[in-house]
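Structure first, then comments.
The values are calculated or read from the model by the stated rules, or taken from the named source; none is laboratory data. These figures come from a predicted structure and were not determined experimentally. In this analysis, Cβ positions are derived from the backbone assuming ideal geometry, glycine residues included, and neighbour counts consider all displayed protein chains.
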Amino acid sequence: MEVKETAEKYMHHTYADYEKSNDDERFELIDGVVYMMSTPSQAHQEILLEMAVQFRDFLKSEPCKVLIAPFAVRLNAADNDDTVLEPDLLVVCDMSKLDGKSCVGAPDLVVEILSPSTSRKDRIIKLNKYLKAGVREYWIVSPEDKSITAHTLKNGEYVINGYASEETDAVAVHVLEGCMINVHDIFNGLENS
């Protein structure tokens, strides 16, 4: 599927279209609408790598998997299958949701690392999609502010907690009992990135 500036970009798309796309084109689908993805910055990649390592190390003895982008999350696969997101990092504890190419349904935890071009989408549009789908924990990581905003699902709503790197040593992962993510290691060295 050619999704660059063509009329096809504005048509309603589903996961079937996503699967047929050119591997060089990274995009997400939200309610069938194509959202192109930009190339991540060095700071973004350094944060992602550190977080993935910390989650991987904790999950070695747990029945959950940590996955990083690009990996499709099909939030409404049982219905229209027209919302396909690629969070930066996700944790899945129900292995039946993994089909080898995607997560079918809500992951237990999703992490999005902000960039100037994705901030609004991550903070508003994706937040609402993750909430509606039942993602139990959603983290928004800001490289600029060196902060983490954790949204934890409780009674159908997200409870929000903010953590700044200069004030917080570690953040507890609510969906993974005993898991603490070292905030200083996540943001260490970003001044040079």
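Assorted remarks:
- Applying the criterion of at least 1 residues that are over 13 Å from the mean Cα position of the chain (by Cα), basic (K, R) and over 20 Å from I68 (Cα atoms) to the strands (runs of 3 or more DSSP E) found wholly in the stretch 99-193 leaves 147-154.
- If you go through the stretch 151-164 and keep only what is surrounded by 10 or more Cβ atoms within 10 Å (Cβ to Cβ) and touching a Leu at 6+ places or on another chain (Cβ under 9 Å), you end up with H151, L153, E157, Y158, V159.
- Criterion: of a type outside the set (G, A, S) and out of contact with any strand residue (DSSP E or B) (no Cβ under 8 Å at 6 or more places or on another chain) - qualifying residue of P143, P116, P107, P87: P116
- Counting only residues that are within 16 Å of D108 (Cβ to Cβ) and either acidic (D, E) or at pLDDT below 95 (or both), the stretch 46-62 holds 1 of them.
- Pick from the stretch 53-77, criterion free of Cβ contacts under 8 Å to residues at least 24 places away in the same chain and part of a loop (DSSP other than H, G, I, E, B), ranking: surrounded by the most Cβ atoms within 10 Å (Cβ to Cβ): A69
- Checked against (1) more than 30 Å from V173 (Cα to Cα); (2) among the acidic types (D, E); (3) not in a loop (DSSP other than H, G, I, E, B), E50 passes all but a single condition, namely (1).
- Flag if V171 is surrounded by 20 or more Cβ atoms within 10 Å (Cβ to Cβ) and either closer than 16 Å to L85 by Cβ or modelled with pLDDT of 95 or more (or both): no
- Filtered residues of the stretch 81-98 (kept if without any contact (Cβ under 8 Å) to a residue 60 or more places away in the chain, surrounded by fewer than 21 Cβ atoms within 10 Å (Cβ to Cβ) and either aromatic (F, W, Y) or not in a strand (DSSP E or B) (or both)): D94, M95, S96, K97
- Residue tally, condition in contact with a strand residue (DSSP E or B) (Cβ under 7 Å, 6 or more places away or on another chain) and either within 16 Å of A78 (Cα to Cα) or crowded, with 19+ Cβ neighbours inside 10 Å (or both), over the stretch 122-133: 5
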